[in-house]
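See below for the structure under consideration.
Derivation of every value follows stated rules applied to the coordinates shown; laboratory data play no part. These figures come from a predicted structure and were not determined experimentally. For neighbour counting, all protein chains shown are included, and Cβ atoms are generated from backbone atoms with ideal geometry for every residue, glycine included.
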Amino acid sequence: MIRFDDVTKTYMRGQHPAVENLDIEFSRGEFVFLVGASGSGKSTLMRMVLKEVAPSRGTVYVAGRDLSRIPSWKVPSLRRDIGMVFQDFRLLPSKTAYQNIEFALAVIGTPRKVVRRLVPEMLEMVGLEDKGKRLPHELSGGEQQRVAIARAYVNRPSILLADEPTGNLDPATAEGILDLLAEINERGTTVVMATHDRAAVDRMRRRVVEMVGGKVVRDEEQGGYETPAPVSVISGNLPDDSAHREEHPLDDDDLVADWDGVPEPIAAEKADGGAEGEEPSVVTVPSADEDSAARRGADERAVTDEPGAAAADARGTAEDRDTDTSSADDVLDEDLIDEREARRVREAERFDSDFDQDEEELR
Ligand code: ADP
Ligand code: MG
């Protein structure tokens, strides 16, 4: 589903790479925790999956497709199939819970009839069926995050990236959020969650990938938050170089999109295990090459099997309406298409089939 092939990302010349020689694969349907101190490269990894950051070296594949070969005009359709959840929720402050979710459907041209069915369905799924009319500031942090998850999931993305989604929440609330992400994963979406939430990782016992100074130092199938091995400083990796962040302006040419990656509050880092002076241990887990080759094959087959490029024309129309509030409203006014058509349009939106088109065009 997602594969990094010897990927290095250096934001600024001379700077320690944010991600270095990353070779890792996340399979379809997997739930993966990304752990590691602030500055270890978790967000950079996720942003590369979204093609918000381009690797300096190496290749990132999503659903078998090399992201560097996706033309920029197709990036929105890539992102449409990847849900994203942030620590600070990022809801539209002047829109209600209902409207925040609705918006995600409107920008891709979903007919009103479908919107009217899907939004209440999502509100119910996240347990907010009676709070659709609330504005974000009238909701608790946990509730806001539920809305953000509903918004990220309403298009049924095949991948959900969650960057410290419980970072601002109390433990009980965080548990509920995690259960929600687990449910989404059970419904078939690949979930990658960066976290400092020790309790979450230990409770779930899912795959744990630990990063230190841009490198994967641990990859465990059913891991815990804590590294089981003794503490070591062999690598010389910086466990936390986030202090350098201030020295570097965020004006990187390689940034493909304007994403306002919000730095994590330092207090949160300190509170949960990033204790100063505590060196992370370095345990390199060999990747199971045969295994991943087999999975890769499976992924590629799955992509080829996706419903074909037939509906590309529908997609082309929706593409033009991207991310514009007024055109989204226009779209909402189009009430004429029946539900079956709507589903067809939404299927066409899925980037897997777009990529099949890309391939055609490239030949
Ligand atoms: P994490 O999410 O694990 O905290 P990041 O991926 O945000 O780690 O950061 C990894 C490293 O890259 C850090 O040293 C950070 O300062 C640096 N970095 C992140 N984003 C930028 C940027 N836009 N420009 C320059 N350096 C950056
Ligand atoms: Mg981060």
The range 142-174, residues that are of a type in the set (A, V, I, L, M, F, W, C) and part of a strand (DSSP E or B): I159, L160, L161, A162
Residue match in the range 37-55 (condition: surrounded by fewer than 19 Cβ atoms within 10 Å (Cβ to Cβ) and either farther than 23 Å from G223 by Cα or within 10 Å of ligand 1 (Cβ to nearest atom) (or both)): yes
Hits in the range 155-178 (condition: away from ligand 1 (no atom under 16 Å from the Cβ) and within 14 Å of the chain's Cα centre (by Cα)): N155, R156, P157, S158, I159, L160
Residue in the range 101-119 that is out of contact with any strand residue (DSSP E or B) (no Cβ under 8 Å at 6 or more places or on another chain), among the acidic types (D, E) and either closer than 25 Å to S43 by Cβ or surrounded by fewer than 16 Cβ atoms within 10 Å (Cβ to Cβ) (or both) present: no
Residue match in the range 123-141 (condition: part of a helix (DSSP H, G or I) and β-branched (V, I, T)): no
Failed item in (1) in contact (Cβ under 8 Å) with a residue 24 or more places away in the chain; (2) out of contact with any helix residue (DSSP H, G or I) (no Cβ under 6 Å at 6 or more places or on another chain); (3) under 27 Å from L45 (Cβ atoms), with K133 passing the rest: (3)
Cross-chain or 6+ apart pairs with Cβ under 6 Å, the range 54-66 first and polar (S, T, N, Q), then in a strand (DSSP E or B): S56/T8; S56/K9; T59/D5; T59/D66
